[in-house]
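Encoded as structure tokens, the structure appears first; notes follow it.
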Amino acid sequence: MKQLLLFFAMSLFILHAAGQSRTLTGLVRDDKGNPIQSASVFIKGTSLGTVTNADGVFNFSVPDNARTLVISSVGYGSTEVSIGKNLRFDIALSVAKETELQGVVVTALGISKAKRTLGYATQTVRNEDIIDKGDGSLLNALQGKLAGAEITGASGSAGASTNIILRGMTSFSFNNQPLFVIDGVPISNDLDQGTISLYSDQSANRSMDLNINNIESVNVMQGPAAAALYGSRASRGAIIITTKKGSGKKNTVNVVYNTSYTIQKIYGFPELQNEYGQGANGIFSSISTFSYGPRVGSTPTLANGLIVAPGQNPVVNGVRYNPGDVIAYQDFPSNLEDYFETGTMLENNLTINSGDARNNYGLSVGSSKQDGILPNSSFKKNNVQFSASSYLTDRLSIKGTATYFNTIQQGVTQGSNGAYSSIARLFSTPRSIDMGYYKDHYTTPGGYNNWYVPNVFSSVLKDSISAADNPWFAAYKNPIKSNLSRLIGALTISYDLNNWLNVSYRAGIDTYTDRRKRTVAIGSTQVVRSTSTGASGTTTGGIMEDMFYRSELNGDLLITAKKNDIFIPGLNANLLLGQGVNQRKFQNISEVGYGLTVPGYYNITNSTNLSLSNETNTLRRLFGYYGQLSLGYNNYLFLEMTARNDHSSTLPKKHNSFFYPSVSGSFVFTDAFKIKSDLLSFGKVRMSYAKVGNDADPYLLSNVYASASYGNNVASYSFPYGTVSGFSASSTIANPDLRPEFTISKEFGANIGLFKNAINIDATYYSQLSKDQIISVAVPGSTGYTTKIANLGKMTNKGIELTVTATPFKTKDFSWTLSGNFSANRNKVVEIAPGVTSFGITGVTSFSGNIPSIVKGKPYGVIVGGKYITNANGDRLIDSTTGSYLGFVANQIVADPNKDWIAGLTNTFTYKNFSLSVLLDYKKGGDVESFTVAALRANGSLKETGVDRDQPKILPGVIDMGGGKYRNNNIQIPAQTYWNAGFGAQTGGANSNEFVVFDATCFRVRELSISYDLLGNAVGTKLIKNVRLTVYGRNLFFYAPNCPVDPELSTQGAGNVRGMELLSAPNTRNMGVSLRVNF
Amino acid sequence: MKLIRIPLLLLTISLITSCSKSFLDVNTDPNSPTDVPIKTLLPVSTVGLGWASSNELGRTAAILMQYNAGISGNAASYDQWILSSLDNQWNSEIYHGTLNNLEILLSKTEGSSFAYSGIAKLEKAYIISIATDLWGDVPYTEAGKGLIYPQPRFDLQQDIYLGNSSKGVQSLFSLVREGIADLGKASVKSPSDDDIVYNGNLSKWIRAGNSLLLKFALQVSNVAPDTTKAVINAVLTNAATTTPFIDAIDGSLDLNIPFSSANPNAYYLQDFGGSIPNTEMLGNRFLALERVLNDSLRLSKMYTKPAPTFIGYDNASPFAAPAIGIRSVYGNYVTGTAGNAPVRLLTAFRNYFILAEAALMFGTTGDANTYYQNGIKAAMKSVGLTDAEITAYFTANPTIVTLTGTTADKRLQILVQKYVSSVGNAIESYNDYRRTGLPVLIKPLVTQGDDPNTFPKRFPYTSNEGDANPNQPSPRPLTNVKVWWGL
């Protein structure tokens, strides 16, 4: 390492060469006055140049003989300016999309580079591509717009998290979400979930705190090569966010105000039958959770239960019946949908920018309030950002940003286990239950939970309560609240030692505290549980206080040197040396009390048992040295090398220093061979190789003890026992010899411009190998331990990415542009550990017998569960006595959530002041396992279960005749047995789940927006420059031919578990209107 | 001049590097200690014993033995002899939790704190007996020591019970005797309230050790009757002089693992307090037996009676279960009012039934009928019947409480009473049934599993162990293969 530093240091001296020069400063802005970041500024006829900073300002030295500047930027045309005797410039660029390939992008560590120099793929999404599209979440707004990104939301509930994976999974056990960087500072996109489990709310992941209105652009680096300089988290790619910065024209103040209002309605809810109501086997029962009762309109008899039998006093929809009474029996076609409300979102943002090129400031204030589709749910965001930048001297500049976020989420528990979930109770509601009645009467006269499930006398409460929660009771009486305060700040000091050497230091902080509280009312049947260990308490009411604290500190010292025409004319060099320090701190304190005494009093002092309380702290530190040498020859041949050496606190001392290099190159062959063709206007090929190391999670090196507990979600025991505490050796065997895991990436690509760059094509092939995975591998239970930490395993990702942008038609008033992307990734677990062919994803046990797993030879995350026994032909075997399936075989791959390919297409039409933009996307393949379908099918609510209900059914399968002979099943069984037992419910590990696995192929009209610009002069005032009115819709239509529900749901949200819909809220269709005023 | 600044910067970097040693030295886990006092280990293994025998293993045995009938979920599967998904019990109750912490406790106390090592050896013998009785050949000698043995070998059940010096397997009898001997030695540290069973009363632990010998001796009676006779007679001889066993009819000496409403027992959580309740209820066959025995008063302590009569359910019934509100389920004797009933591992009543059977079948010391009647009295005391109620039962049912008929008839009487009394510790009944075929059980209405025609004679090995340990017999023996001591 020392040799390397020495080499870089020496390079600096070599690069130094004296020359007469003067320093030019300038501001590059668009024709509305907004600064353009990363615009390239070159001296005509040379390759000498620079790029503008985040404030649109450039500052560089030019030789005395320089005459003309050429200024260009991505998304804008180029312009030439004569230098003359000027030292200060104010340059306006007009929008012209056809220069996409020639533009400038922000790369790792915030370094702007001309796109043509890059040897790897990156993508840029601009502010106008994500605002006013009907979703305030950054990740949701990116859906369909990026090649190589798999983005899936958890559900339509307010503030539900969204998962993003770039170029596939690279780590077996650790976080696979890309690194998020905002204005040069790494920030948290964590999803703080107590345990990855079925039974919680849908928390937000922390990128949702960001205000997309204040985001100038998002650069996505899909691969390790692009992100290598960011260090150990770069193997997952990086999302580089640049916020809007304050700098306008001198002596003017730019003010942008926007307001929008959106409504949300559930969309993609499965179709239900409305012919049969509550009951089983065709007989009405007031306590059944099934809709297998008599057909609606049947003549009431004692036999079908619609006349009350002697000795019975059923209560149906709030009416108590006496023997001999006829029960009012009808279906309520929308009773389940009626649980969901119309969600609303109101957003207001104000941005004020002022200052000139040298001193400027900006203020942004944003507020949004969403009332979700679930009752008593909401998501509120407030944020304030202040930024300022100033040249203290000609050479010394200082720049700072501080943003405060306050995010408040209130939600309802979801998931398939009724003991914890409000939604699970909803889905077990028969078709003839009048939800209107139960909405108005969710409490008993005693104030407890009132539901159709019969009341049981509780010896503790001395009153009768229902044996299951009314979903409204659960929503209003057992809510979860989260209140987050967050500060993100960055400070950069930059000093030009001379005209070729700059030193800067950037410090950043991201810190937040999320205070959560979940309460369970006395009389609720929801079980109080530890959010950190998952251990269960009892059903006597409780309080779960959960405090999450995270802070990330980051510091980077950057020395940059650039020199042109070294050694030979036309050879330019850029050298960067850096040193970075990173510290991440996490604390979770959960105070869990249950056994409440005073109803409605939710202070921890009201609980009689605090044994589930817990505390977790982690601290990790890392520092690294890095360097990057970029060489360019005549602006058509480029070579870039990076190297980084990290030291991590999470690895043992002997292995905690790890080195990884990258090299990339690009060749603009159209320039090199001077190809002048209207057909082939631009052509570039590129390739890269990168290796990125990843450290471990903290505290995997020493064997430890923990407060002991036994059991599972059925029954569990936690110490202390009274005043006696118990500690147990951890079930994981630590590894004091841990080494870092590595991802090695190779990438090839090309950028082609056709027809005077009217069509731009960017194609990439990549191949990645992740090895020496740090995993907890299963050990035999008889060792007294269940897992061991080890460096094992190999996983590959191979894929292609293709983006096309084109302007098929353009006149003075009308233009049509389109932008499409296509990507396909193939992930494969090549190797796990000797003798290990499968293990469950870390932190996940099982979802009703379904285990999201890592299986040798299969893609990451296949779901392993039980499947019915088949013969050699693959026909399912039928029990010849019952006509039901014979039994199941455990440990089969039930579903593979990995998609075959995804594609998105945005068409934008503008006519005079009108603009219409439509985003269509298509996701091919990948499985989703729907517990919603399982629940609704098993209880006879799903539409298909009502078809020919009265006719006997025959399960598809064969009967073993012995001697290798089979005959087709011909045994008739009742519809209830067919749907409930035959096709299986999701409850209990003993049942098969294969019938609720669906192909998630889906076409979607994801976004549609129409906007109209009213220029200031039309309004008749000079105060207002522009007014834009936008009407938008989101998720307006989807077509999923092979799935009865919207397949784009992944209840676990951001994380490593995909393809499981576990009884969450459905997705929504959003529509709204936005007004944006530019003063 | 300007160039001077570059070395200055490099100096800065090297300064940061030089202090990096302590900068990175932050990987000591603040959440979990790397060592703990022995007094925190003993309660973990003690609770583990009670938990392992009462949680899913006890629930499975209670359904197989038809105390309960399964209604839904796993309970319904067990009723049809489908015995899967017991990984959690093998992994996290027996070997992790109980055994590995006992091994750590032993390594910390052997040769010094004999009070702890003595208790630990008794507990180790008990937990290994649970494993081998249910699964047959199991890891024992190398088990629970994952830092040394990554893939423990499977010891033969015969070797586990009787020992095999050539393979270095210590017999359970020897392990218990070592434990009893340790308990008599001066100890550096001694348990107090961390001994949640006897609060540090070591003489009671010695009784428990001798009771374990009785239990093990009878367990091997089919295959090693000489051992049975010798061990039991030796225990009886010692009892008369120095070291007695658990023999208090009022149950005051029983080895009961205590639970409380704050730390409820597994039975309560399975049926009421946990997240998946209402999956099992009183079985009709057990109900019928209790009616034949005129034993409904005792049954009313062991099972609830929310309706005017006990409401049972058929084992593996294809028909719908009775409504939740009227089902007879485990009563206060088993669950307590809110999970606060103990789990009864070694009891006076079972000791008396053991001695009755041994006297009858193997001619060990004492009168079988006296032991038998003491057993019934102790069992009735245990559920909370008064002396007057017990006397009334004895008066009203002389033929039931007196051993009569052939040896086989008498043995059936003993095992029926032992079965009835063992509600809440069905593993003991499951062991007895596989050893004697008594009491007579009728096949459930629907059976599946490995062999739908043969009552499961063992539990199937778990998949996790098989995946990771090549020493596990493969293919695994089916559930129709008897264990070494079985019929």
> Mind ordering A:817-824, B:413-420 by average Cβ neighbours within 10 Å, highest first?
Replying inline: B:413-420, A:817-824
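With 29 Å as the limit, write out which pairs from B:K443/B:K482; A:K399/A:K684; A:K654/A:K828; A:K245/A:K1025 have Cα-Cα distances beyond it, or answer none. Spell out each step's value before the answer.
Working: B:K443/B:K482 18 Å; A:K399/A:K684 36 Å; A:K654/A:K828 31 Å; A:K245/A:K1025 19 Å.
With Cα atoms farther than 29 Å apart: A:K399/A:K684; A:K654/A:K828.
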>> Checking the a/c ratio against 1.5 first, then a/b against b/c, what shape does the Cα gyration tensor give for segment A:378-507?
In response: prolate
> Taking a ≥ b ≥ c as the square roots of the eigenvalues of the Cα gyration tensor of chain A, is the shape rounded (a/c under 1.5), prolate (a/b larger than b/c) or oblate?
Replying inline: prolate
> Tell me, what is the FRET efficiency for B:T370 and B:S192 to the nearest 0.05, using R0 = 41 angstrom and their Cβ-Cβ distance as r?
Replying inline: 0.65
>> Quick check: the angle from helix A:2-15's long axis to the longest principal axis of chain A, C-alpha only, nearest 10 degrees?
In response: 40 degrees
> Taking only the alpha-carbon positions of chain B and ignoring solvent, what does the Debye formula give for the base-10 log of I(q)/I(0) at q = 0.06, 0.07, 0.09, 0.11 Å⁻¹?
Replying inline: -0.29, -0.39, -0.61, -0.90
> Which Rg and Dmax, in Å, describe the Cα atoms of segment A:126-273?
Replying inline: 17.4, 67
>> Relative contact order of segment A:308-352, please, whole-number percent, based on alpha carbon pairs below 8 angstrom and at least 6 residues apart.
In response: 25 percent
>> Please compute the modelled spin-label separation between A:L916 and A:I398, points set 7 Å along Cα→Cβ, answer in nm with one decimal.
In response: 5.3 nm
> Using alpha carbon centroids, what distance separates segment A:324-365 and segment A:490-539, in Å?
Replying inline: 24 Å
> Which distance in Å, rounded to a whole number, links the C-alpha centroids of segment A:773-798 and segment A:1010-1054?
Replying inline: 46 Å
>> Test of understanding: what is the full-extension gain from A:V1031 to A:K481, defined as 0.36 nm times their sequence separation minus their Cα-Cα distance?
In response: 194.8 nm
>> For Cα pairs less than 8 Å apart in space and 6+ apart in sequence, what is the mean separation divided by the residue count of chain B, i.e. the relative contact order in percent?
In response: 20 percent
> Structure shown: which of A:K381/A:K481; A:K133/A:K923; B:K204/B:K229; A:K113/A:K563; B:K39/B:K145; B:K377/B:K418 lie over 18 Å apart, alpha-carbon to alpha-carbon?
Replying inline: A:K133/A:K923; B:K204/B:K229; B:K39/B:K145
> In what sequence do A:I36, A:I83 fall when counting other Cβ within 10 Å, fewest first?
Replying inline: A:I83, A:I36
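Under 8 Å for C-alpha pairs, at least 6 residues apart: give me the relative contact order for chain A, rounded to a whole percent.
Working: 3216 pairs, mean separation 124.1, N = 1079.
That works out to 12 percent.
Would you mind classifying segment B:369-429 by shape? Square roots of the alpha carbon gyration tensor eigenvalues, ordered a ≥ b ≥ c; an a/c under 1.5 is rounded, otherwise it is prolate if a/b is larger than b/c and oblate if not.
Working: a/c = 2.38, a/b = 1.08, b/c = 2.20.
Oblate, since a/c reaches 1.5 and b/c is not below a/b.
Rounded to the nearest 0.05, what FRET efficiency do A:F814 and A:Y633 have when you use their Cβ-Cβ distance and R0 = 45 Å? Don't jump to the answer; show the numbers that get you there.
Details: r = 42 Å, r/R0 = 0.93.
Calculated value: 0.60.
Just to verify a number: FRET efficiency for A:S880 and A:L1014, C-beta to C-beta distance, R0 = 51 Å, to 0.05?
Values: r = 76 Å, r/R0 = 1.49.
Plugging the Cβ-Cβ distance into 1/(1 + (r/R0)^6) gives 0.10.
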> Under a straight-distance cross-link criterion of Cα-Cα below 20 Å, which aspartates and glutamates are reachable from A:K1022, leaving out those fewer than 8 residues away in the same chain?
Replying inline: A:D30, A:D31, A:D1013
> Just for chain A, what percent of DSSP beta bridges are antiparallel, to the closest 5?
Replying inline: 95 percent
> Distance in nm between label sites at B:T237 and B:S174, each 7 Å beyond Cα in the beta-carbon direction?
Replying inline: 2.0 nm
> In whole angstrom, how far apart do the alpha carbon centroids of segment A:120-196 and segment A:615-636 sit?
Replying inline: 22 Å
> What is the gain in length, in nm to one decimal, between A:D678 and A:N907 on full extension, counting 0.36 nm per residue of separation less the C-alpha to C-alpha distance?
Replying inline: 80.0 nm
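Just so you know, all these numbers are worked out from the coordinates, no wet-lab data involved. Bear in mind that the values here come from a model prediction, so they are computed numbers and not experimental data. Glycine also receives a Cβ, built like all others from the backbone with ideal geometry; neighbour counts cover every protein chain displayed.
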